[in-house]
Amino acid sequence: LLGVLHHCNDETAAALLKVAQTALRPGGVMIHLDGCIHPDAGWLETMLYRLERGLYVRHQEGYASLMATVCEAPTQVVKDGLLRLPYRYCVGRGVK
């Protein structure tokens, strides 16, 4: 799920994750990559999140809560420096 969850409200995202989970075999891995609001974000980074087309850019904990509805012990890692602009991504991983 690359760049999908930040376009969905919590209800829709949870439903999407449940459908995606049904496609996984036991032990299968679900991964997401989405923009991530960070408390240390500067003004430019904050502005980029506001201009983002996804209306539901979340904090790391928000993505973790969503993934926990369908995966055991999901992990979330915040990555920055992937773009030339100040923008952080949350990379999440969960196992069925």
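The values are calculated or read from the model by the stated rules, or taken from the named source; none is laboratory data. Everything numeric in this text was worked out from a predicted model, so none of it was measured. FYI the Cβ positions are ideal-geometry reconstructions off the backbone, even for glycines, and counts take in every protein chain you see. We work out accessible area using only protein heavy atoms, side chains counted, and drop any ligands, DNA or RNA first. Shrake-Rupley method; radii C 1.70, N 1.55, O 1.52, S 1.80 Å.
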- [ ] Please get the size of the charge dipole for the chain, origin at its Cα centre, with Cβ charges of +1 on Lys and Arg and -1 on Asp and Glu, quoted in debye to the nearest 20.
- [x] 300 debye
Open item on the list: Tell me which of 44, 15, 95 sits at the most positive position along the dipole axis of the chain, charges placed on C-beta atoms (Lys, Arg +1; Asp, Glu -1).
Closed with: 95
Task: Surface accessible to a 1.4 Å probe, per residue, for the residues of the chain, Å² - done: 62 Å²
Task: GNM top mover of 83, 16, 66 - the chain, alpha-carbon springs below 10 Å - done: 83
TODO: Would you mind telling me which residue in 25, 50, 84 has the biggest mean-square fluctuation in a Gaussian network model of the chain, where springs connect alpha carbons within a distance under 10 angstrom?
DONE: 84
- [ ] Express the carbon and sulfur contribution to the solvent-accessible surface of the chain as a percent, rounded to the nearest whole number, probe 1.4 angstrom.
- [x] 58 percent
- [ ] Quick one: check the C-alpha center-to-center distance for the range 1-41 versus the range 50-69, whole angstrom.
- [x] 8 Å
TODO: Please list the equivalent ellipsoid semi-axes of the chain, computed as the square roots of five times the alpha-carbon gyration tensor eigenvalues, in descending order and whole angstrom.
DONE: 25, 13, 10
